[in-house]
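Trainee: Structure below; questions to follow.
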Amino acid sequence: MSREAATAVPRVGAGLQSHCVSVVIDDRTIVDSVSIPVTPGRLTALIGPNGAGKTTLIRVLAGVTPPTSGSVSFDGEDWFSLPRRHRARIAALVEQDARSELPMSVEAVVALGRTPFRTLFAADSPDDAAAVRSALASAGISHFAHRQFDSLSGGERQRVHLARALAQQPALLLLDEPTNHLDVHAQLDTLELIQDLSRTHGVAVLAALHDLNLAASYADQLVVIAAGRIVASGSPDAVLTAELLRDVYAVEATILEHPATGRPLIAYSPHPPQRGAARGEPR
């Protein structure tokens, strides 16, 4: 992927803050009193087993799902009191397995990221066109901009949805499994791009990741969620321990040092124990 950025001016501010956020659906607590910051200039990885509540939490932070209790703010303003269009100018969400059944070109799907900045029936502005070109280049998909979206593979579609989010030029980027369906090269490219957006351009990034070694390699901070509750947070070095992996994931592992980066590298036991009760049920 090109390292051409979809945003050019570093951003500063408080970023996104959640305080004691809970989500209860059908008498089941999906997210339980979660307080986390998503800070400008940092890539935060949200990790945890299937059913831990990662997707629900990301949808709350994106403003899609209101919390049952607790509060969310962005740069000190109540997140859910802001008009939806205003939130869409701040935050971009890339969902897991996001789909579009409309017969649209890749370029047209990416251009949907400019919707919050357009007036009704207005033609694309030069700024819109430039943002779309930059997003296509950053996601490495300029060469198939004119293909039909519904003809793409799962990995190609995932990159298109990332480009759509980049076209929004967000101050806050929320991603649910952004490396889903991608091959190894594309996974690394995607995370390098996201890391660059946070560090160089000040975007506040929260990404839910299943691959703990990818999270350890690229994240500035890890937040571990299990059964809807935050059980650990901090740097990869501080969070990723054999004990935590045993308690949260019910696996035995040895934590090594990556020979190139010095970051944690997880070697799993080939014979993990029976899965424990730490895994939550809801998404």
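Trainee: Which of the residues belonging to segment 130-168 are closer than 16 Å to residue 115 by Cα, of a type in the set (Lys, Arg) and buried (at least 20 other Cβ atoms within 10 Å of the Cβ)?
Mentor: Listed by number, the list holds a single entry, 164.
Trainee: May I pose another question? If you go through segment 139-148 one residue at a time, do you hit one that is over 22 Å from residue 104 (Cβ atoms) and small (Gly, Ala, Ser)?
Mentor: Step one: of segment 139-148, the residues over 22 Å from residue 104 (Cβ atoms) are none.
The answer is no, given that none of the residues of segment 139-148 is over 22 Å from residue 104 (Cβ atoms) and small (Gly, Ala, Ser).
Here's the yes/no breakdown for (1) among the hydrophobic types (A, V, I, L, M, F, W, C); (2) closer than 12 Å to residue 167 by Cα:
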position	(1), (2)
79	yes, no
95	no, no
103	no, no
128	no, yes
134	no, yes
137	yes, yes
152	yes, no
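Trainee: Additional query: Of everything in segment 126-178 that's among the acidic types (Asp, Glu) and farther than 19 Å from residue 196 by Cα, which residue is nearest to the chain's Cα centre (by Cα)? So that I can check it myself, show each step before the final result.
Mentor: Here is the first cut: in segment 126-178, the residues among the acidic types (Asp, Glu) are 127-128, 150, 156, 176-177.
The next check asks that each one be farther than 19 Å from residue 196 by Cα; those that pass are 127-128, 150, 156.
Values: 127: 25, 128: 23, 150: 23, 156: 17 Å.
In this case the residue turns out to be 156.
Trainee: Taking the residues in segment 72-84 that are free of Cβ contacts under 8 Å to residues at least 60 places away in the same chain and within 20 Å of the chain's Cα centre (by Cα) as candidates, determine which candidate is surrounded by the most Cβ atoms within 10 Å (Cβ to Cβ).
Mentor: Checked segment 72-84; the qualifying residue surrounded by the most Cβ atoms within 10 Å (Cβ to Cβ) is 72.
Trainee: Would you confirm whether any residue within segment 169-176 is farther than 24 Å from residue 87 by Cβ and buried (at least 20 other Cβ atoms within 10 Å of the Cβ)?
Mentor: Within segment 169-176 (the criterion being farther than 24 Å from residue 87 by Cβ and buried (at least 20 other Cβ atoms within 10 Å of the Cβ)), the answer is no, since none of the residues qualifies.
Trainee: Let me ask something else about it. Out of curiosity, is residue 57 crowded, with 22+ Cβ neighbours inside 10 Å, over 22 Å from residue 135 (Cβ atoms) and touching a Ser or Thr at 6+ places or on another chain (Cβ under 9 Å)? Don't jump to the end; show me each part of the working.
Mentor: Numbers: crowded, with 22+ Cβ neighbours inside 10 Å: yes; over 22 Å from residue 135 (Cβ atoms): yes; touching a Ser or Thr at 6+ places or on another chain (Cβ under 9 Å): yes.
It is true that residue 57 is crowded, with 22+ Cβ neighbours inside 10 Å, over 22 Å from residue 135 (Cβ atoms) and touching a Ser or Thr at 6+ places or on another chain (Cβ under 9 Å).
Values quoted throughout were computed directly from the atomic coordinates according to the rules given, and no laboratory measurement underlies them. Quantities reported herein were computed from a predicted structural model and do not represent experimental measurements. Quick reminder, even Gly has a Cβ in these numbers, built from the backbone with ideal geometry, and neighbours come from all protein chains shown.
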